[in-house]
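Encoded as structure tokens, the structure appears first; notes follow it.
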Amino acid sequence: MWKCPVCDKENNAATVCPTCGYDQTCDYERYPTAFAVTTATPTRTLRRQWQAKQTPPVKGSDLRETAYVNSEEAAQGCQLRVTLSGGGTRQVTIPGGCTDGKRLRYTGMGQPGSNGGKNGDLLVTVRVQELEKITPQVNLKPGEAAQGCTKSISFKHNGKKVRLTLSIPAGVVYGEKLHYPQVRADDSILYDVTAVVEVSKSDFIATGLFGALGFISIVTAVFVIWSSFMVGIGVLVEAAVWFAIGWVIQKITESHNKKKYGPKTPEEKRRCETPREMPPQR
């Protein structure tokens with residue numbers, strides 16, 4: 001009686017396991033000097049292969065996502081990166097001649113399979129859309145405006161927070177408008193973006209300190225007003241004063257920034273009136 005090291009079955013046979021066909025004379029891993037057959041498959045490999053046969057391969061799950069393209073991309077075809085709802089992205093090729101609602105299958109780009117099974121597929125529904133126009137403000141530090149930078153901005157679209165990234169050229173001024181005809185956000189939707197540049201240093205004193213003092217005064221007034229109405233009113237007036245001081249300082253700071261970082265040459269003034277055309281960013 002011996003136990004097969006591959007399938008763990010007890011056997012009475014002399015050499016060959018009737019369950020998996022393992023020939024125990026090839027067990028050179030355990031007794032390397034006892035057998036002449038040193039080219040046989042290692043026992044651990046045979047065991048792994050046997051276990052794989054007992055568990056059938058399972059194909060990975062398919063992924064279903066939506067790709068947004070404009071009419072030109074739908075007609076001519078394009079390459080784009082689709083953001084997966086579960087995290088990650090996939091680079092796909094949209095063939096020319098797609099219509100709105102067309103479904104495309106990308107073999108092997110879904111979830112990975114198990115036990116040697118194939119990967120699932122990526123099913124993409126093509127949506128042809130007109131570009132949505134947005135006009136966000138881009139806040140830059142003086143160094144970023146002078147040297148150029150890559151800036152991420154966030155906004156809400158259909159109740160969902162959306163983020164997109166813009167490449168800001170060097171030498172922009174306060175109030176300059178940058179037109180990006182096609183920017184793909186992290187929700188895979190294309191936007192027509194006209195960004196308005198604002199250049200400023202940190203105005204924490206105006207917006208942070210006095211705002212915090214005003215908030216603290218309001219909270220204090222809520223508690224005090226129960227015990228003394230007049231004292232509570234006084235604290236509310238104090239809060240209003242703090243907010244007013246912060247607002248005045250903020251307006252003074254904005255005026256200073258416009259004067260210091262705003263347009264000075266005729267060309268810079270023209271760029272503040274007519275948006276500068278930027279390349280598409282996808």
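Extending 7 Å from Cα along the Cβ direction at Asp100 and again at Ser154 yields two label points whose distance is 3.1 nm.
Under 5 Å from the amide H of Lys102 lie the amide H atoms of Val126, each residue being 5 or more positions distant or on a separate chain, with H modelled from the backbone and absent for Pro and chain starts. Using R0 = 22 Å, the C-beta based FRET efficiency linking Arg127 and Thr89 works out to 0.80.
Computed over neighbours whose Cβ is under 13 Å from that of Cys272, the net charge equals +2, Lys and Arg +1, Asp and Glu -1.
Peptides 94-105, 110-121 ordered by packing proxy, namely the average of other Cβ atoms within 10 Å per residue, highest first: 110-121, 94-105.
Round to the nearest 0.05 the FRET efficiency obtained for Thr274 and Val58 when R0 = 51 Å and r is the Cβ-Cβ distance.
0.30
For Ser71 and Glu10, the difference between the fully extended length at 0.36 nm per residue and the C-alpha to C-alpha distance is 15.1 nm. If you take all other residues with their beta carbon under 9 Å from the beta carbon of Ser85, and give Lys and Arg +1 and Asp and Glu -1, the sum is 0.
Quick one: work out Rg over Rh on the C-alpha atoms of region 63-128, Rh as Kirkwood radius. Checking Rg against Rh, the ratio lands at 1.02. Cross-link reach is defined here as a Cα-Cα straight distance under 21 Å, omitting same-chain residues fewer than 8 places apart; for Lys133 the lysines meeting it are Lys151, Lys156, Lys160, Lys161, Lys177.
Since every read-out is calculated from the coordinates, none of them should be taken as a lab result. As the structure is a computational prediction, the values presented were derived from the model and not from experiment. Ideal geometry is used to build each Cβ from the backbone, glycine not excepted, and the neighbour counts take in all protein chains shown.
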